[in-house]
Every structure is written in structure tokens, then in C-alpha cells.
1. For the range B:1-25, enumerate the residues that are within 12 Å of the chain's Cα centre (by Cα) and within 14 Å of B:Val85 (Cβ to Cβ).
2. For the range B:91-112, how many residues are part of a loop (DSSP other than H, G, I, E, B) and aromatic (Phe, Trp, Tyr)?
3. Could you check how many residues of the range B:92-112 are aromatic (Phe, Trp, Tyr) and more than 10 Å from every other protein chain (Cβ to nearest Cβ)?
4. Conditions first: (1) surrounded by fewer than 21 Cβ atoms within 10 Å (Cβ to Cβ); (2) outside any loop (DSSP other than H, G, I, E, B); (3) within 14 Å of another protein chain (Cβ to nearest Cβ). A:Glu117 passes all but one, so which condition is the exception?
5. Take the conditions in a loop (DSSP other than H, G, I, E, B) and not hydrophobic (A, V, I, L, M, F, W, C) and apply them to B:Pro82. Does it pass?
6. In the range B:56-102, what residues are over 15 Å from A:Gly246 (Cα atoms) and β-branched (Val, Ile, Thr)?
7. Which residues, taken from the range A:397-421, are of a type outside the set (D, E, K, R) and in contact with a His (Cβ under 9 Å, 6 or more places away or on another chain)?
8. Specify which of the listed residues (A:Gly384, A:Gly425, A:Gly388, A:Gly400) is more than 14 Å from chain B (Cβ to nearest Cβ) and at positive phi.
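The values are calculated or read from the model by the stated rules, or taken from the named source; none is laboratory data. Model, not experiment: these values are computed from the prediction. Virtual Cβ from ideal backbone geometry, glycine too; neighbours counted across all protein chains shown.
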Amino acid sequence: MANMMMQKTDLKKINDETWEISKGSRADMRVPARIYASEELLEEMLKGRSIGQLINLSTMPGIVGHAVVMPDAHEGYGSPIGGVFATRVSDGVISPGAVGYDINCGVRLLYSDRGIEEMHGMIEPLAHEIMRLVPSGMGHGHKEKMTIVELDEVLEGGVAERHAKGYATGEDVERCEASGKLAWADAKAVSHMAKMRGVDQLGTLGSGNHFLEIQKVDEIFDEDVAHAFGLFKGQVVVMIHTGSRGLGHQIATDYIKIMIGAMREYGIEIPDRELACAPFASAEGQRYFAAMACGANFAWANRQMITWHVRNAWQKIVGDRNLRLLYDVAHNIAKKEGDILVHRKGATRAFPPRHPELPEVYRKTGQPVLIPGSMGTASYVLAGMESGKDAFYSACHGAGRTMSRHEAVRELSIKEVRKGLEDKGIIVKAASSRGLVEEAPQAYKDVDEVVDVVHRAGLAKKVARLVPLAVIKGE
Amino acid sequence: MKTYRELDHPAELRIQVSGNTVEHLFVNAAEALADILSPNRYANIASTEHISVESVDRDAALVDLLNELLARSHTERSVFVPGSVTLSSAEGKMTAEAVMRRYLIPAFDQDIKAVTHQDVHIAQKDGTWQTAIVFDI
């Protein structure tokens, strides 16, 4: 039942970008399921398991509205990647698996005051210096480890703690989602093992699809919003995509185990063990929420430390520290938004104009929404819209994979992947050839199409398109 | 000789492991984890470790054991190759006890964030015990 394959004829077409699976399609669904996709993207989704996983989301106790999936969706574990759902705070559940192992995997964008024409000959040495300063490999942390006391301060303080230590500006704090700190974080809710996996990881990029890119603003779609965001055509910017590293992974592992045990006591049954959950108001639910907040704070502090390294590299090569934060936003997290708990796994929050949680500077424009493309392809900046309400103000988080890593390594050669990037004039700094092949753009959906669906569906509007100048990747 | 077979998955690493007995499957799964993390390891055994996990059932015990090994691999810069695994159940819980040889490693060949419960259903098919396992990478 959990892996029931649907046909397009089983779906109701709401409009060209929105499809619905009715609540009666499967006996255990509590709400309908909604898919944001073009017809072509939908047909790809229907070949895999992401739709079945979306239907599983719709069975979560206390769920409201719809279970939702974004146009970049692909098979995950438990929740599809690109999955969003909300439960009632009062009597609904919280699910660590529906947040993901990489708690607060997310993106931040830094913008300079320089156009590409002012950076002649600087991009390659800048990329080289960044790679030198930012540990990027798997399991590779810093030689120096934090003490547990220092780590606890980061877990509870997030970017504010980094600001107090001199690694962040006041503007960095203001322009980070939640000011870079979830106040209910409690380091006592984080296991010793999770902390040991985090003590040497602060300021590290990680591997897989995590990256750092030096980019250029290639196209402006909305001049007014772009101006408010500080963006202009030809401008050099830096995008950072990473998360909570081993610490977050271990928090998720620990609490999925706890929830599997707890579900029996609460009489909860769900179709997929990876969606193990407990009532949000329960002791287990609250402890996970506090631990998740620690993971989230660590991730924001991590991206802040990488920012500090990037600014150091920028100062050495370019001669100033004029790299400002546009925004930093998570795409794996659970947040209380009003009286609902919104779970986003591979989906980006996209608050509309006038939302009280936005910093003052973005109240008029709506929240910046940062969408990284796959390696070597475009990334996007969008702005949240009121019309995104039905999707709990959410948008996609990237391009979404179409080819497995195994298949990518089988079908593509490192030579052709590197050549493809170099032919576009993209400088590549990667510690591993296999990692480069696994992340080849051919393994991903067309990000332009994915973002166009988000725009047409009214989830967020396009503001700017960014193209890579240099890619820095872990192994 | 590989104790696992790699299967397709759009984003993560999915493998198929098997064993003549359930305990043998656990051993092969742990061997697979070590092999994926680092096929290259120093020749000398750094230590012998006894590792025990308690879980709600057999499927969870496999995932919990592998996650325990993974966590220790990260924090101790080691891989753990199984000598033996013993399963026992009491009062509705499953305990997996493993004797592991610990090897120091220079670096990971492949990073694994976590072992997920996705597709873990240990069952007997064609005379062997089998399951798929999905690693979050």
C-alpha cells in the first residue's frame, strides 16, 4: 500500500502547475495530497516512489490542509525530498524523519559591490583561497576541536553566539532566518555522541551535494525587488550550501530511534518507519524539537563560520570585506508558524510581504528564497508571495535528482564532466573526482523548469538568475 | 569479496545484503558499511570491541547496530569489521551483540550521514535472509 503506483489519470488537475490526489485515494489518508509540477515533471515523478511517499505524509496524525510536494521532488526516505506538511501544534505530531538527517541543510547568499568586470583575474585565486581556508571533505574537520562547553554555547546561541565572538556582523544576525537562533534549543537534549560528531565540524562544508559557488548575477526578472535585495546584473555573489554536519545527522538518528519506541505507547501507526513520530506536546516531541533547534543553530553557525572564512579569502584576494548577507534559509526543518508545525524536507520557506517574522528590510518585498541549481547550472533568487499560502508558504529547494549516483558514475566520465564545466568557463575546485561525477548536472532535473513552475504556481516569484563562475566542492 | 550488491536510488546509496542466517546477514551488513566507508584500512587491528544495541524488533536492531558503528567510525576515525553478531529477544525487545575488530583508517572513501530504516525488511527468500538498506549520503 505504501508503494502504490499512481497514474496521471488518478490525479485531479487544478491548473497547469497544480495536481491533487483526493483523500479517498487510499484508506489511511487524512487529507488530500497536492503536487506542484509541470506535466513533464509530474510524469517523471510518477515513475518513482516520491508520490507514494507523499501519500504517506498525508496519513500523519494531526495533519492539516494538504500534504504537499514541490516540483523538484524525488524519492527520499519517509518523506519525499521536496515534501511539506503541517500538523496542529495542539494535538498533532512531530517527525524527525520528515525534517531529515541533515537538520537545517540550507543556503545563504553573500553579495559584493563588484561587477564581474572588476574581478578580472581574481576568480581563480579567490576559489583557491576559499578551498584552502574551508575544510570541505567528508569526515574532515578541523585539527582543533571545540570543548563540549564551547559547543553547547553554539548549539544554544547559533549566529548570535558567533556574533558575540566576533565572527558575524549585526546585519548577518538580522538577515538570517530566525536571526540564526532558535531560542528553545536545549543542549541537554543532544546526545554525547552527537556532540562528539560536531566538535571539529564548525566551519566545514561537507560532501555530497554541498558546495560553495562564486556566481554572477546573469539576469534580473524584477528590478524593484532585486534593487531592494542589493542585486544588480553582472554582480559577483557567493552561495553557500551546507548543513549541520555529523551533529545534525546524529540528532536525527537518535530521535528516530526514540520515536520508533515511543509510537507504540501513543498508539500511533504510520506506513513508513522513517516517519516515526510522537505528539508534538509529548515529552519525546518536545525533546526532539529542542534538539532539532540545536542542530539548526549549529548549521546557521556553520554557514556563518564559512562566511567568515570567505570574507577572509575575499579580503586577501580582492582587498576588502564588502560581502554582505542577503539571506540564509533552511530547507530541512520543522517550525511553529502560528498554531501549526510545518515540516519541510527539501523545501524552502517563502514568507510573503508583511510577514511579521521577516526582518524589516524584507517586509515590503517578501522573503528572499534561495534556490541552488545543480553543479554548473543556474541558481535563483526568488521572493515569497501571499499566493503561496496553500503550500504553507513553501517553495522548492533545488533541481532534484533524476539519475542515481551509481548510474552517474557508470554513465559519465570525470573527463566529460570537467570538460562540460570548463567549456562554460567554470573553475572547478573539487577534492574528489567521484564526487564531481555524482553531482554532474546531467543527474539533475532542469532547474530553470523547476523554478518556472514555482513562479507560475505563485509559490514565489523570480527575482534574479545566477550563474556559476567557480565551484568548490567537498569529496 | 563484496558482501553486498549496490542497487539504484536517485540520491542515496541503496544496497542489498544477504546471509545464510539472520546473524550472518547482520555480519555482512556491518562488513558492507566498513567497506563503503573505507575499503583501505591499516593492517593492524587497533582493538576488539563489544558493541550492543537494544531495539524494538529485528529490522530496527540492524539499523541501530549499523548506526552505532557509523557514529563510532566518525568519532574514532575507524571502521569496525564484524567477527560475530548474536541476536536475542526478551520482553518485546531485540538485542544485537557484536564483537568487532576496529581498524584505524586514514580517511573515509565515502561519507555516510546515517543508516535509514527505508526498505529494511529482513525476510527469507530463495533460502537466504535478505534485506535492502538505504544509506543517507
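1. Selection gives B:Thr3, B:Val17, B:Glu23, B:His24, B:Leu25.
2. Summing the residues that are part of a loop (DSSP other than H, G, I, E, B) and aromatic (Phe, Trp, Tyr) in the range B:91-112 gives 1.
3. Qualifying residue count, the range B:92-112: 1.
4. In the conditions (1) surrounded by fewer than 21 Cβ atoms within 10 Å (Cβ to Cβ); (2) outside any loop (DSSP other than H, G, I, E, B); (3) within 14 Å of another protein chain (Cβ to nearest Cβ), A:Glu117 misses (3) alone.
5. No.
6. The answer is B:Val56, B:Val63, B:Val79, B:Val81, B:Val85, B:Thr86, B:Thr95, B:Val99.
7. Result: A:His397, A:Gly398, A:Gly400, A:Thr402, A:Ser404, A:His406.
8. A:Gly425
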